[in-house]
1. May I ask you to evaluate 6.51 cos²θ - 1.76 cosθ + 1.60, the Karplus curve with θ = phi - 60°, for each residue of segment 25-36 and list the ³J(HN,Hα) values in order in whole Hz, giving x for glycine and proline?
2. Against the 2.2 N^0.38 Å scaling, with N counting residues, where does segment 9-74 land? I'd like the Cα-based Rg ratio to two decimal places.
3. Net charge near Gly59: determine it from the other residues with C-beta under 15 Å of the C-beta of Gly59, scoring Lys and Arg +1 and Asp and Glu -1.
4. Can you list the HN-Hα couplings for segment 55-64, worked out from phi with the Karplus curve (6.51, -1.76, 1.60; θ = phi - 60°), rounded to whole Hz and with x for Gly and Pro?
5. Sum up the charges of everything whose Cβ sits under 15 Å from the Cβ of Glu70, counting Lys and Arg as +1 and Asp and Glu as -1, but leave Glu70 out.
6. Which loop-located trypsin sites (Lys or Arg not before Pro) does segment 1-71 contain, where loop means any DSSP state but H, G, I, E or B and the Cβ has at most 10 other Cβ atoms within 10 Å?
7. Which of Pro48, Val26, Leu60 sits farthest toward the positive end of the charge dipole of segment 9-74, with +1 on the Cβ of Lys and Arg and -1 on the Cβ of Asp and Glu?
8. At what distance in nm do the modelled label points of Ser39 and Lys63 sit from each other, each positioned 7 Å from its Cα along Cα→Cβ?
Amino acid sequence: MDNYSSVRFGHVLKKLRNAQELSQEVLADRCCRHPSYISLLERNLKNPSLDTIIALAIGLDMKASEMLKEIEQHPENGWLMRGKNNS
């Protein structure tokens, strides 16, 4: 595994989806993905491609950069910001 395998993308995706009161099925439909794939992402069993991140952001009515910022700010991903603070 690489150094980035511990990024908790799925936790953030689920938080963002639940904040909008969307089911996995509705989000999947909005971003042209299968609901089971959304489930795999939320459980951190799959890592999304850049295309998928962009599609998910559009499905959540946000910019991909906003979604990535949410990921960086998630408490379990604090190590992502350490490099920025120590430079």
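1. 5, 5, 4, 4, 5, 5, 10, 6, 10, 7, x, 5
2. The value comes to 0.95.
3. That works out to -2.
4. 4, 5, 4, 4, x, 9, 6, 8, 7, 4
5. So the environment of Glu70 carries a net charge of +1.
6. Sparse-neighbourhood loop trypsin sites (Lys or Arg not before Pro): none present.
7. Pro48
8. Output for this residue pair reads 3.4 nm.
Read the figures in this text as sums done on the coordinates, not as results from a lab. Since the structure is predicted, the reported quantities are computational estimates derived from the model, not experimental observations. Counting neighbours? That spans all protein chains shown, and the Cβs are built from the backbone with ideal geometry, glycine included.
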